[in-house]
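J.: This structure is in structure tokens; I'll ask about it shortly.
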Amino acid sequence: MMFGMLVALIPGALGLLDQKKMWWRFQAKNYAHPEHNEPSEGAYRRQRVMLIGCSLGLVALFAYLWATAPSPS
């Protein structure tokens, strides 16, 4: 279960990084004119909120599963 909690923190860590820098580093090379295809500020914000929300949801899920798991006898 502890491994699941650590894995659940990965999207949150990605959400805390600068989304614009990540796009320019990993996606811009796929376009001939990347400045014309760059996402809007709202898209960056939405992506950040979704990553952090996903991380919080996974942490809550694993905490619930950990708390309700039967104890070994």
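The values are calculated or read from the model by the stated rules, or taken from the named source; none is laboratory data. Computed from a predicted model, the values in this text were never measured in an experiment. Reconstructed Cβ throughout: ideal geometry from the backbone, glycine too, with neighbour counts over all protein chains shown.
J.: With the condition kept exactly as written, say whether any residue in the stretch 36-57 is in contact with a helix residue (DSSP H, G or I) (Cβ under 6 Å, 6 or more places away or on another chain), touching a residue at least 60 places away in the same chain (Cβ under 8 Å) and among the aromatic types (F, W, Y).
T.: Residues of the stretch 36-57 that are in contact with a helix residue (DSSP H, G or I) (Cβ under 6 Å, 6 or more places away or on another chain), as a first pass: 44, 47-48, 51-52, 54-55.
Keeping just the survivors that are touching a residue at least 60 places away in the same chain (Cβ under 8 Å) gives none.
No, that holds for no residue.
J.: If I filter the stretch 61-70 for residues that are more than 10 Å from the chain's Cα centre (by Cα), of a type in the set (A, V, I, L, M) and modelled with pLDDT of 95 or more, do I get at least one hit? Don't jump to the end; show me each part of the working.
T.: Keep residues of the stretch 61-70 that are more than 10 Å from the chain's Cα centre (by Cα), which gives 61-70.
Among the residues that remain, those that are also of a type in the set (A, V, I, L, M) are: 61, 63, 65, 67, 69.
Those left that are additionally modelled with pLDDT of 95 or more: none.
No: the stretch 61-70 contains no residue that is more than 10 Å from the chain's Cα centre (by Cα), of a type in the set (A, V, I, L, M) and modelled with pLDDT of 95 or more.
J.: When you scan the chain for helices (runs of 4 or more DSSP H) that lie fully inside it, which ones turn up with 2 or more residues that are surrounded by 10 or more Cβ atoms within 10 Å (Cβ to Cβ) and in contact with a Ser or Thr (Cβ under 8 Å, 6 or more places away or on another chain)? Talk me through it step by step, then tell me what you get.
T.: Working: elements: 2-16, 19-26, 34-37, 41-68.
In the chain, the matching helices (runs of 4 or more DSSP H) lie at 2-16.
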